[in-house]
Amino acid sequence: MTHPSHTHSTETLAPLHIHEVCVRDGFQIEPVFVPTERKIELVNALSRSGVAKIEVTSFSSPKAIPALADAEAVMRGIERVAGVEYAALVPNVRGAERALACAVDELNLVMSASASHSQANLRMTREQSLAQFAEIVAAAAGQAAINASLSTAFGCPFDGDVPADEVLHWAARLIDLGITRIALCDTTGMANPAQVRRLFHAVTERWPEVTFTAHFHDTRAMGLANALAALDVGITHFDASLGGLGGCPFAPGASGNVCTEDMVHMFEAMGRDTGVDLDRLLTLARQLPDIVGHPVPGQVMKAGPATRRYSLPG
């Protein structure tokens, strides 16, 4: 059987949906607080870049994540662009209520596929996470879409391998709650392309009606290879972070998320339609070092796209 990305006609290929997580996943671990106005400016600019979704903030306790203590101000301050979904991470029912009061389009709920990471990251068991999800699903009924992000789906920094059957078990439990959007997350960059193919193939075969998103980190320089592996088995929704910012404060050794502009550059070079204006994205990525006060990992922002041409040396 030929995988979708191996066909030669771009006319039959589904468009790809890029979900930008920089302003939440990226900024949450930055030691310097990014001013509210700059966050709003960046979200507004990203809204006009062609990304399908922006995870704007997290409605967490300001004590837990001080970098995102301005969640309400940011969500209420942004300009909404038609066709773009505005999401927020919510850790509990109180966070969901705060997010719904700001008219978010999607609530992103997070639980761990592994027991130890669940305790380290969320201070609760996986069963407790699910019980809380059920409350949030009930509270959000009809007001916002719900996405569940399954962390450590490809391996845990504490427990090691996470069997595929374990991931399928928790995905089934989420779907039983009525959740039809699920992100499989490689929280600490432990995934490899063969594993990515197997797991995404398994979930999409079993639940074709569910929208699965691929969420990779580039901790071990396999982020783009894993994104390509997911694409090969028909995944069309991808989380990514401008400039490659990000990480996980509760996962030792986790570095940045896969870089948005590098991923878009790869997909577009392959003839896939992302709907994203790469030049506009690169302009924004080049502003990031000034916003966060340090260099960022993105490669295409430094080298320019592969279509860049130089004059011959004189």
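Tabulated data
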{"read-out": "Single condition Ala139 does not satisfy, out of (1) among the aliphatic types (A, V, I, L, M); (2) more than 20 Å from the chain's Cα centre (by Cα); (3) under 24 Å from Val51 (Cα atoms)", "value": "(3)"}
{"read-out": "Tally, over the range 46-76, of residues that are more than 17 Å from the chain's Cα centre (by Cα) and either surrounded by 16 or more Cβ atoms within 10 Å (Cβ to Cβ) or under 22 Å from Ile146 (Cβ atoms) (or both)", "value": "12"}
{"read-out": "Cβ-Cβ under 8 Å pairs, at least 6 apart or on other chains, the range 220-243 side buried (at least 24 other Cβ atoms within 10 Å of the Cβ) and modelled with pLDDT of 95 or more, far side among the charged types (D, E, K, R) and assigned to a helix (DSSP H, G or I)", "value": "Ala229/Arg197; Ala230/Arg197; Asp239/Asp25; Ser241/Asp25; Leu242/Glu261; Gly243/Glu261"}
{"read-out": "Count of the range 248-276 residues which are closer than 23 Å to Ala45 by Cα, of a type outside the set (S, T, N, Q) and at pLDDT below 95", "value": "1"}
{"read-out": "Scan of the range 104-135 for residues that are over 23 Å from Asp176 (Cα atoms), out of contact with any strand residue (DSSP E or B) (no Cβ under 7 Å at 6 or more places or on another chain) and in contact (Cβ under 8 Å) with a residue 12 or more places away in the chain, ordered by number", "value": "Ala120"}
{"read-out": "Residue that is at pLDDT below 95 and of a type in the set (Ser, Thr, Tyr), where the choices are Thr188, Thr211, Thr180", "value": "Thr188"}
{"read-out": "The one condition in (1) in contact with a Ser or Thr (Cβ under 9 Å, 6 or more places away or on another chain); (2) of a type in the set (Val, Ile, Thr); (3) closer than 24 Å to Ile136 by Cβ; (4) outside any helix (DSSP H, G or I) that Val23 fails to fulfil", "value": "(4)"}
{"read-out": "Residues satisfying the stated conditions in the range 6-20, i.e. more than 13 Å from Glu55 (Cβ to Cβ), modelled with pLDDT of 90 or more and either hydrophobic (A, V, I, L, M, F, W, C) or part of a helix (DSSP H, G or I) (or both)", "value": "Leu13, Ala14, Leu16"}
{"read-out": "Some residue of the range 263-275 being within 15 Å of the chain's Cα centre (by Cα), under 20 Å from Cys156 (Cβ atoms) and in a helix (DSSP H, G or I)", "value": "no"}
{"read-out": "Members of the range 84-104 that are surrounded by fewer than 24 Cβ atoms within 10 Å (Cβ to Cβ) and closer than 15 Å to Ala139 by Cα", "value": "Pro91, Asn92, Val93, Arg94, Gly95, Glu97, Arg98, Leu100, Ala101, Cys102, Ala103"}
{"read-out": "Count of the range 178-214 residues which are part of a loop (DSSP other than H, G, I, E, B), of a type in the set (S, T, N, Q) and without any contact (Cβ under 8 Å) to a residue 60 or more places away in the chain", "value": "2"}
{"read-out": "Pair list, Cβ under 8 Å, 6 or more apart: the range 28-45 residue touching a residue at least 12 places away in the same chain (Cβ under 8 Å) and closer than 10 Å to Pro66 by Cα, other residue in a helix (DSSP H, G or I) and of a type outside the set (A, V, I, L, M, F, W, C)", "value": "Phe33/Pro66"}
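The values are calculated or read from the model by the stated rules, or taken from the named source; none is laboratory data. No experiment lies behind these values; they were computed from the predicted model shown. Cβ atoms come from the backbone with ideal geometry, glycine included; neighbour counts cover every protein chain shown.
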